[in-house]
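A short worksheet on the structure shown next.
The values are calculated or read from the model by the stated rules, or taken from the named source; none is laboratory data. Keep in mind that this is a model prediction, so the values were computed, not measured. FYI the Cβ positions are ideal-geometry reconstructions off the backbone, even for glycines, and counts take in every protein chain you see. The accessibility values were calculated without ligands, DNA or RNA, using every heavy atom of the protein model including side chains. Shrake-Rupley method; radii C 1.70, N 1.55, O 1.52, S 1.80 Å.
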Amino acid sequence: MFDGYDSCSEDTSSSSSSDESEEEVAPLPSSLPIIKNNGQVYTYPDGKSGMATCEMCGMVGVRDAFYSKTKRFCSVSCSRSYSSNSKKASILARLQGKPPTKKAKILQKQPLVAKLAAYAQYQATLQNQAKTKAAVPVEGFSWGNYINSNSFTAAPVTCFKHAPMGTCWGDIAEGVRVEVPNTDCSLPTKVFWIAGIVKLAGYNALLRYEGFENDSSLDFWCNICGSDIHPVGWCATSGKPLVPPRTIQHKYTNWKAFLVKRLTGAKTLPPDFSQKVSESMQYPFKTSMRVEVVDKTHLCRTRVAVVESVIGGRLRLVYEESEDKTDDFWCHMYSPLIHHIGWSRSIGHRFKRSDITKKQDGHFDAPPHLFTKVKEVDAAGEWFKEGMKLEAIDPLNLSAICVATVRKVLADGYLMIGIDGSEAADGSDWFCYHATSPSIFPVGFCEINMIELTPPRGYAKLPFKWFDYLRETDSIAAPVKLFNKEVPNHGFHVGMKLEAVDLMEPRLVCVATVTRIIHRLLRIHFDGWEDEYDQWVDCESPDLYPVGWCQLTGYQLQPPAPQSSRDSQSSSSKQKKKAKSQQYKGQKKMTSLQLKEELLDGEEYSFLQGTSDQESNGSASYYIKQEP
């Protein structure tokens, strides 16, 4: 059994120093720590020698405070006791099938107090990790098997700035070494070994134990942010044993020399990686906070809701008037659909007053600084006006970009938008978008980017032409310069896998794929379902997550639809499409069901379907001229 790095080494006398001496490689330019070798132990890049374990009594302490040049013993008495027991240790080594050495090491025995302390610390660590990293397994579905069997590629964690570690993922990539539990071992205690990342898929990594070379028989997937994944050096500083897998334990006679050769100069996780993971999973929203959120039955207004639970930054909000707490709404804490108390009044947005005259005990208003800040706009000059035409993602059918109209101009850059041809008479299905929203577009956006534009319901002059429509309705198009033209370097590519919220059923997070990219706009397909359920989503949407997010946060992942569900889609797709389009954010819309049904019962239209996607991050060719 190996206890950290020192326990892997032979005696460091001159008789064996030639076997272990390795030149130190020059540091690589990287944000990740580089594993170094000073002839005795591996050190962190700051030059600290780290911790050491006494080879006689098992005490763990600061290496510089240990006895002798080799720093193998905590005191003179341990050094002398070790020498007197070396013969006994040699016999024990032979009985265990280990190769004899010139100076065999004693079988290390930690005092009972040290064992109890280590066990208590281990149990406390497990309990702490269980609170923040409870995994939710999905029966019958494995991201690793799904990706391996189909050679899929997953979107990197750096694409999701709102997700844990999204802004501090660093250079974690293939080849990075970590310390993980050794499952190929018959010892009764938990032991570890070093593994390298073979493939990355979001938070998940395909790992291969050191020493297996090109043998993939024991490769395994795990969440790199999990509690059992550690940087190289963790075992040495924690007094944990490093034991080579049973399959290859006789492959080398000097594992210390092997590790020195293999790991010197390699990259590993930062020493504070687990701390960063924990910090990135701390969320400012707390239960019992009150917020204003869109009314799912009347899109044109907001209501007061209370935070019932927080999972991975996603909030389950219960409308304040719901006595049985079943009238709920799911969204991310960075969603543009939630606001601080008083927001609606401040901008002139419609608001449903609660029948509850005073706050319930324990409820309190969420501080305004917790909410996502929108970009300031200058509405003093040329600005949006009521009646202006534009194109917008239909909030009741997120697979469609529709002809739309500015119905009301609010304060602070907010607009009420209506979908032409399917609006309720009382305007109850108008939807609030900010002027900088990536979900509204200038006239001609779909045509220039070869996206199918959904015309107004009942419009008979086909194919649809904006110039003719503007003339017929005596309308003008909203000026192009008023729209958001920023396209970030998002890093997404067509075919990448991810976990995405079904915004028509927002409590569900599903296995999904990026199928189109139009500048910053992503077409999200839910694996196993027909294309009609696809949704247009912004590249910075807080409703998109890396592969492995559900497992990391403890959220339930919805796997691809089974074959039986796929077979039944063709026969009932029209009914399903109706049901899905009638609801907003998870619940059926009560005021404009008939309008949406009539729209979906009409003829199928197909316009300007493109053959290529605009995947550049620039804004060239983003718009077309609005005049003929």
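Placing +1 on the Cβ of every Lys and Arg and -1 on the Cβ of every Asp and Glu, with no other charges, gives region 134-252 a dipole of roughly 180 debye about its Cα centre.
Where only protein heavy atoms count, and the probe is 1.4 Å, what is the accessible area per residue for region 172-269 in Å²? Can you show the working numbers first?
Numbers: 3530 Å² over 98 residues.
Per residue, region 172-269 has 36 Å² of solvent-accessible surface.
Once you list every other residue whose beta carbon is under 13 Å from the beta carbon of Tyr545, what net charge do they have if Lys and Arg are +1 and Asp and Glu are -1? Write out the running numbers ahead of the final one.
Details: positive: Lys161, Arg314, Lys497; negative: Glu499, Asp502, Glu540, Asp543.
Overall, the nearby charge balance is -1.
Based on protein heavy atoms only, region 286-370 ends up with 47 Å² per residue of surface accessible to a 1.4 Å probe.
Decide, for region 282-343, between rounded, prolate and oblate: order the square roots of the alpha carbon gyration tensor eigenvalues as a ≥ b ≥ c, take rounded if a/c falls under 1.5, and otherwise choose prolate if a/b is larger than b/c, else oblate.
Numbers: a/c = 1.66, a/b = 1.24, b/c = 1.33.
Since a/c reaches 1.5 but b/c is at least a/b, the shape of region 282-343 is classed as oblate.
Label separation (Asp219 vs Val494): 2.7 nm, computed from points 7 Å beyond Cα along the C-beta direction.
Sum up the charges of everything whose Cβ sits under 12 Å from the Cβ of Lys199, counting Lys and Arg as +1 and Asp and Glu as -1, but leave Lys199 out.
-1
The length gained on full extension between Ala173 and Asn148, counted as 0.36 nm times the residue separation minus their Cα-Cα distance, comes to 7.3 nm. Among the trypsin sites (Lys or Arg not before Pro) found in region 275-327, those both in a DSSP coil and sparsely packed, with 16 or fewer other Cβ atoms within 10 Å of their Cβ, are Lys286, Lys325. Within the accessible surface of region 496-558, defined with a 1.4 Å probe on protein heavy atoms only, the carbon and sulfur portion equals 45 percent.
If you count Lys pairs in region 172-269 whose Cα atoms are under 16 Å apart, skipping same-chain pairs closer than 8 places in sequence, the total is 4.
With a cut-off of 10 Å between beta carbons, the residues surrounding Tyr469 carry a summed charge of +1, where Lys and Arg count +1 and Asp and Glu -1. Globularity index of region 388-482 is 1.01 (Cα radius of gyration / 2.2 N^0.38 Å, N = number of residues).
Is the shape of region 288-407 best called rounded, prolate or oblate, per the rule: a/c under 1.5 gives rounded, else a/b larger than b/c gives prolate, else oblate, with a ≥ b ≥ c the square roots of the Cα gyration tensor eigenvalues? Each step should come with its number before you reach the end.
Numbers: a/c = 1.90, a/b = 1.64, b/c = 1.15.
Prolate.
Normalising the average separation of contacting C-alpha pairs (under 8 angstrom, six or more residues apart) by the number of residues puts the relative contact order of region 388-482 at 31 percent.
DSSP loop GluC sites (Glu not before Pro) in region 160-222 with at most 12 other Cβ atoms within 10 Å of their Cβ, which ones? Let's see the in-between values first.
On the way: sites: Glu174, Glu179, Glu210, Glu213; in loops: Glu174, Glu210, Glu213.
Sites meeting the loop and neighbour criteria: Glu174, Glu213.
Sparsely packed loop sites in region 446-478 (the GluC sites (Glu not before Pro) outside DSSP H, G, I, E and B with at most 16 other Cβ atoms within 10 Å) comprise Glu452. Of the solvent-accessible surface of region 369-413, computed with a 1.4 Å probe over protein heavy atoms with every protein chain present, carbon and sulfur atoms account for 50 percent. For region 429-480, rounded, prolate or oblate, judged on the Cα gyration tensor with a ≥ b ≥ c (square roots of eigenvalues), a/c < 1.5 rounded, else prolate if a/b > b/c? The shape class here is prolate.
Measure off, as a whole percent, the carbon and sulfur share of the 1.4 Å-probe accessible area of region 172-269, all protein chains present. Mind dumping the intermediate values first?
Details: 1750 of 3530 Å².
Carbon and sulfur: 49 percent of the exposed surface of region 172-269.
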